[in-house]
């Protein structure tokens, strides 16, 4: 089974929502990069996730939303994100609009993720985003635990990055 078939099977996909997203990004000329758990998979042993978190250039967000709606995706806007979903897939796409992530775009690199060629934030940026998410006390505990697991996956593979963590998180990582 190919990576694309695998993720679409896991996501109960009746359509290839990832390819649809990549087509929307190409159509709108949007700079983007993958962040979050699937981006972690570009650098360490992969795990399955039904969340696809990306950063797109803020100036392209509205064009992306309009193109996504034309393709039948549901668009929901929140304070720091826009979610794209479809009844034809359990995969959840989140466009991160928090301005801190915009600088990740300039150093993004192409990687093969689940059979798709996608731009991915560089490793240090992926880790930084995971730290921001984990340190956000307003996030659900279950999401924060997933963020911590992703941080641990990165630190286990790249122990030299541990020194860049905030002291409180570094202590917690060493305890685990």
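I need a count of the residues in the range 59-79 that are in contact (Cβ under 8 Å) with a residue 12 or more places away in the chain and surrounded by 14 or more Cβ atoms within 10 Å (Cβ to Cβ).
The qualifying residues number 9.
Exactly one of these conditions fails for residue 49: (1) part of a helix (DSSP H, G or I); (2) crowded, with 17+ Cβ neighbours inside 10 Å; (3) out of contact with any strand residue (DSSP E or B) (no Cβ under 6 Å at 6 or more places or on another chain). Give me its number.
In the conditions (1) part of a helix (DSSP H, G or I); (2) crowded, with 17+ Cβ neighbours inside 10 Å; (3) out of contact with any strand residue (DSSP E or B) (no Cβ under 6 Å at 6 or more places or on another chain), residue 49 misses (1) alone.
When the residues of the range 18-29 are filtered to those that are closer than 28 Å to residue 151 by Cβ and in contact with a helix residue (DSSP H, G or I) (Cβ under 8 Å, 6 or more places away or on another chain), which remaining residue is modelled with the lowest pLDDT?
In this case the residue turns out to be 18.
Within the range 52-75, can you find the residues that are assigned to a strand (DSSP E or B) and either in contact with a helix residue (DSSP H, G or I) (Cβ under 7 Å, 6 or more places away or on another chain) or closer than 19 Å to residue 35 by Cβ (or both)? Explain how you work it out, then say what you get.
Start the filter on the range 52-75 by keeping residues that are assigned to a strand (DSSP E or B), which leaves 52-56, 74-75.
Scanning the range 52-75 gives 52, 53, 54, 55, 56, 75.
Each row is one residue, and each column tells you yes or no for (1) over 23 Å from residue 72 (Cα atoms); (2) crowded, with 20+ Cβ neighbours inside 10 Å; (3) touching a strand residue (DSSP E or B) at 6+ places or on another chain (Cβ under 7 Å); (4) free of Cβ contacts under 8 Å to residues at least 12 places away in the same chain.
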{"site": "12", "(1), (2), (3), (4)": "no, no, yes, no"}
{"site": "15", "(1), (2), (3), (4)": "no, no, yes, no"}
{"site": "27", "(1), (2), (3), (4)": "no, no, no, no"}
{"site": "33", "(1), (2), (3), (4)": "no, yes, yes, no"}
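For the list (1) out of contact with any strand residue (DSSP E or B) (no Cβ under 6 Å at 6 or more places or on another chain); (2) part of a strand (DSSP E or B); (3) crowded, with 19+ Cβ neighbours inside 10 Å, I need the number of the one condition that residue 90 fails.
Unmet condition: (3).
Just one of 151, 113 is at pLDDT 95 or above and under 23 Å from residue 56 (Cα atoms); which is it?
151
Of the conditions (1) loosely packed, with under 14 Cβ neighbours inside 10 Å; (2) in contact with a strand residue (DSSP E or B) (Cβ under 8 Å, 6 or more places away or on another chain); (3) under 21 Å from residue 105 (Cα atoms), residue 42 satisfies every one except a single condition; which number is it?
Result: residue 42 fails condition (1) only.
Only residues that are without any contact (Cβ under 8 Å) to a residue 60 or more places away in the chain and not in a helix (DSSP H, G or I): list them for the range 143-175, please.
Once the filter is applied, which keeps residues that are without any contact (Cβ under 8 Å) to a residue 60 or more places away in the chain and not in a helix (DSSP H, G or I), the range 143-175 yields 165, 166.
Looking at (1) loosely packed, with under 13 Cβ neighbours inside 10 Å; (2) more than 16 Å from the chain's Cα centre (by Cα); (3) part of a helix (DSSP H, G or I), which one does residue 103 not meet, given that it meets all the others?
(2)
The values are calculated or read from the model by the stated rules, or taken from the named source; none is laboratory data. Note that this is a predicted model, so its numbers are computed, not measured. In this analysis, Cβ positions are derived from the backbone assuming ideal geometry, glycine residues included, and neighbour counts consider all displayed protein chains.
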